[in-house]
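Have a look at the structure below before the remarks.
No value in this document is a laboratory result; all are computed from the given coordinates. As the structure is a computational prediction, the values presented were derived from the model and not from experiment. Please note: Cβ atoms are built from the backbone with ideal geometry, for glycine as well, and neighbour counts cover all protein chains shown.
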Amino acid sequence: MDTGNVKWITGVRNIGIGLLVCGVFLGIGMKKAEGALLEGLLDGFEETLGESAAAKGERLIIGNFYQAERPDSHAPIGVMQDHTHNKGEFMFTYRYMRMFMNKNRDGTDNVSDNDVLQDFAVTPTEMTTQMHMFSTMYGLNDTVTLMAMFPYIMKSMDHKNRAGAKFTTKSSGIGDIKLAALWRLYAFETPSIGAHRFHLNTGVSLPSGDIKPRDNTPLGNDSLLPYPMRLGSGTVDILPGLTYGGVKNDVSWGLQALGTVRIGHNQQGYKEGNRYDVNSWGAYRWADWISTSARFNWKQWFNIKRRDRQLATNLPNGVPIVPTAETTFEGGKRLDLLGGINILFPEIRGLENHLSVEAGAPIYQDLDGPQLKQSYSFWAGWQIVM
Ligand SMILES: [Cu+2]
């Protein structure tokens, strides 16, 4: 079989797996009894809670998950899949993200352009990534909330070579489409302990992003761009996660762990490293319409397995071209601290409108480098709940 055929079959297989996984989510979701999955399984726990609430003259509420009427009913805008919806609720979100990377780092040490140019013919000097993200959430029933997300990505990377000449490469287009099902696990609430909500995140990322972006470089016109400039992973990725959120009076908080697990290798013959994200946040509601937040985001991502054989890594004279074409200079870990504002507008024709912004910078980053380091990230979003 020629390679064109193999790629085509792999593509069909990947899309097939994606559809199958989504179908399973939908199928199970439809059949499940409506309610949180662990409801009724925690009788002993519920009894204890109920008794302590009764002792304080309070009533225990089980299964109260979502209140749209708070500005902090949604996590800071950089967090996704943080809440579930009640049956029949629909939400539309537009998010804009801007990320800026500047200067290189190896491990936790900064390295200069000249340091990188000792070993490579070219060094990246900075990179801007922008994303427009359109997503919808829908409360299929009181157990399952469905989510779909369509990203449009724009990347631009500046470089310098040994002769001091500078050049920029760009790539843009649709990224990897994500489909998810959020499963309500449990929620309980009393006035004195606040509300505590748990849900399971399951999802798939489909290989819709271009993994063969091309642009003009000093190596030649229409050259294949290296890994960081690509718009998707090229593989079907599984997105498991667990989310906890709490609210008491004017304070809310949350904790979320999400993974991205790549399945198989993509059409270019490589596999991006798996990644893990942990978010923890706290928010304070200053008035009915405004809350501010602080968030820690820990992420770790691994190096690329195998490699793209169409991507040149060395010049004819043997000198390595650029660190971004090396599969061992892609991984890293980072802790970001972000501050955010959520604003809730008065209801218009039964629609809740949320406007949110969030921005932050790393306080720790350890990169398998030399690799460009994150400088800041910025998020803005508009959410409509109906
Ligand atoms: Cu939502």
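Here are a few things to note about the model shown:
- Each Lys and Arg adds +1 at its Cβ and each Asp and Glu adds -1 at its Cβ; summed about the Cα centre, the chain shows a dipole of about 1040 debye.
- Full extension of the chain segment joining Tyr138 with Leu337 gains 68.6 nm, where the gain is 0.36 nm per residue of separation less the Cα-Cα distance.
- For a straight C-alpha distance cut-off of 17 angstrom, the aspartates and glutamates reachable from Lys56 (same-chain residues fewer than eight places away being disregarded) are Glu46, Glu47, Glu189.
- The distance between label points at Arg309 and Tyr96 comes to 4.4 nm (points 7 Å beyond Cα on the Cα→Cβ vector).
- Magnitude of the charge dipole, the stretch 162-288, Cβ model with Lys/Arg +1 and Asp/Glu -1, debye to 20: 320 debye
- Most tightly packed first, judged by the mean number of other beta-carbon atoms within 10 Å of their residues, the peptides 229-235, 349-355 read 229-235, 349-355.
- Where a label projected 7 Å from the Cα of Trp382 along Cα→Cβ would reach, residues of the stretch 326-355 with amide N under 19 Å: 341-355
- Within the stretch 157-174: backbone nitrogen closer than 17 Å to the Arg214 label point (7 Å, Cα to C-beta): 169-173
- Acute angle (nearest 10 degrees) that the helix 43-55 long axis makes with the longest principal axis of the chain, alpha-carbon atoms: 60 degrees
- Kirkwood Rh in Å, taken over the stretch 255-317 so that all alpha-carbon pairs contribute: 15.3 Å
- Backbone HN-Hα couplings from phi across the stretch 294-306 [Karplus 6.51/-1.76/1.60, Hz, Gly and Pro as x]: 10, 9, 9, 10, 9, 9, 9, 9, 9, 5, 6, 9, 6
- Structure note, pairs Lys103/Lys212; Lys212/Lys373; Lys271/Lys299; Lys170/Lys271; Lys155/Lys305; Lys155/Lys248: Cα-Cα distances above 30 angstrom occur for Lys155/Lys248.
- Angle between the chain longest axis and helix 3-31 axis [Cα atoms, degrees, rounded to 10]: 10 degrees
- Separation of alpha-carbon centers, the stretch 37-74 and the stretch 107-121, rounded to whole Å: 55 Å
- Peptide packing for 177-186, 309-318, 133-142, 164-173 was compared via the average number of neighbouring C-beta atoms within 10 Å per residue; ordered from the highest value, the list is 177-186, 133-142, 164-173, 309-318.
- When the charge dipole of the chain is built from unit charges on Cβ atoms (+1 for Lys and Arg, -1 for Asp and Glu) and taken about the Cα centre, the candidate among Phe302, Ser192, Ala287 whose Cα reaches farthest toward its positive end is Phe302.
- Between Ile62 and Ile363, residue separation times 0.36 nm minus the direct Cα-Cα distance comes to 104.5 nm.
- Of the three principal axes defined by the Cα atoms of the stretch 267-354, the extents in descending order read 65, 30, 21 Å.
- Estimated translational D of the chain in µm²/s (Stokes, Kirkwood radius over Cα pairs; 25 °C; 0.890 mPa s): 108 µm²/s
- The chain: relative contact order as a whole-number percent, Cα under 8 Å and 6+ apart: 18 percent
- For the pair Ser156 and Glu46, the difference between a 0.36 nm per residue extended length and the Cα-Cα distance amounts to 34.3 nm.
- His199, His85, His265 arranged by Cβ crowding within 10 Å, fewest neighbours leading: His265, His85, His199
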